[in-house]
Amino acid sequence: MNAYLQLFRTGNAVMGIVGVLVACFMAAGFDIAGEYVNILISAIVVFMFICGGNALNDYIDHEIDVTAHPERPIPSGRMSRRNALYAGLIMLIGSVLVSFLTRDIECIAIVVIACILMVAYETCLKQRGFVGNLTIAILTGMMFLLGGAVVASPMDNLIVALMATLVSIGREISKDIEDMDSDEGRNTLPMRIGTRNAAILACVFFIAGPLLSIQPMVAGTYGILYYTVVIADVLFLLCAVSVFKDPHKAQKTAKKAMVVALVSFILGVIRF
């Protein structure tokens, strides 16, 4: 059992549940209680999806993990690759099947597409540079769309989903710049176009994301506390500057900025 818990990296899966619950609250506000059944279903879906993705990752990266993560179930000999693959597929397929309980075509479609993207990423896109970065960023944004779909409409969280996607692309590129010397066997964006050009592109995404935060202000979508998102915007702009000299600092700052932005959207739901 411990081997499966480690394979699934259940701590990350629990954080995924927190993320989708926040996404639901952002879409429905304090009316969230009326959709408790679908919210519970979405929590189970996200948990199974993340567990499945992590298991598939360990199956694919078993050779790398021999040196990078020897404590994981496959390289440590506590689990066979076949069992890890079966566990991953069962979880991913299970997440799709559970999503049918919502009886919501938008919710089901989001989960199906997410599973397709996850399998594609792990099997082939991860090694192909920017398209892999884009896939991970889209999956990040789709969590907010799922939260909106299970309580109302995915469009209710469209802006935050787009923001999350854009800044995630910037962060993924920054990570590839940082890891350029150790990314053997991959064809990352910095390897293709050079670190400076990659940094310029990351800078563009770090700026594009914060620009979208202006739209809810103009539309009056959220309350006055939403304006704390300016703090996150400043942090993202710092990422845009620091990515040229210190990509490690840029991607770490971006992670903090994402948390601040998320809190701002939550606070924005509270109106006085």
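Numbers at a glance
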| read-out | value |
| --- | --- |
| Set Val37, Val20, Val98: member being in contact (Cβ under 8 Å) with a residue 60 or more places away in the chain and part of a helix (DSSP H, G or I) | Val20 |
| Qualifying positions in the stretch 110-131 - surrounded by 21 or more Cβ atoms within 10 Å (Cβ to Cβ) and either free of Cβ contacts under 8 Å to residues at least 40 places away in the same chain or under 12 Å from the mean Cα position of the chain (by Cα) (or both) | Ala114, Met118, Tyr121 |
| The listed residue being outside the structural domain of Arg271 (by TED's automatic domain parsing) and of a type in the set (Ser, Thr, Tyr), out of Thr188, Thr221, Thr165, Thr135 | Thr135 |
| Of all residues in the stretch 175-207 being within 25 Å of Glu63 (Cα to Cα) and buried (at least 20 other Cβ atoms within 10 Å of the Cβ), the one that is nearest to the chain's Cα centre (by Cα) | Lys175 |
| Single match in Phe30, Phe25 (criterion: modelled with pLDDT under 95, surrounded by fewer than 16 Cβ atoms within 10 Å (Cβ to Cβ) and within 29 Å of Ser264 (Cβ to Cβ)) | Phe30 |
| Qualifying positions in the stretch 46-102 - of a type in the set (S, T, N, Q) and surrounded by 14 or more Cβ atoms within 10 Å (Cβ to Cβ) | Asn54, Asn57, Ser76, Asn83, Ser95, Ser99, Thr102 |
| Enumerated helices (runs of 4 or more DSSP H) restricted to the stretch 156-272, each holding at least 3 residues that are without any contact (Cβ under 8 Å) to a residue 24 or more places away in the chain and closer than 25 Å to Phe30 by Cα | 214-219 |
| Tally, over the stretch 168-182, of residues that are closer than 15 Å to Ala208 by Cβ and acidic (Asp, Glu) | 1 |
| Options Ile44, Ile17: the member that is outside the structural domain of Tyr222 (by TED's automatic domain parsing) and either more than 14 Å from the chain's Cα centre (by Cα) or aromatic (Phe, Trp, Tyr) (or both) | Ile44 |
| Residue that is nearest to Cys51 (Cα to Cα), among those in the stretch 105-135 that are at pLDDT below 95 and among the charged types (D, E, K, R) | Glu122 |
| Failed item in (1) surrounded by fewer than 17 Cβ atoms within 10 Å (Cβ to Cβ); (2) closer than 15 Å to Ile159 by Cβ; (3) at pLDDT 95 or above, with Val229 passing the rest | (1) |
| Sole exception among (1) out of contact with any helix residue (DSSP H, G or I) (no Cβ under 9 Å at 6 or more places or on another chain); (2) within 30 Å of Glu178 (Cα to Cα); (3) not charged (D, E, K, R) for Ser80, by number | (2) |
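The values are calculated or read from the model by the stated rules, or taken from the named source; none is laboratory data. Note that the structure is predicted; figures quoted are calculated from it, not measured. Neighbour counts are summed over all protein chains in view; Cβ atoms, including those assigned to glycine, are modelled from backbone coordinates with ideal geometry.
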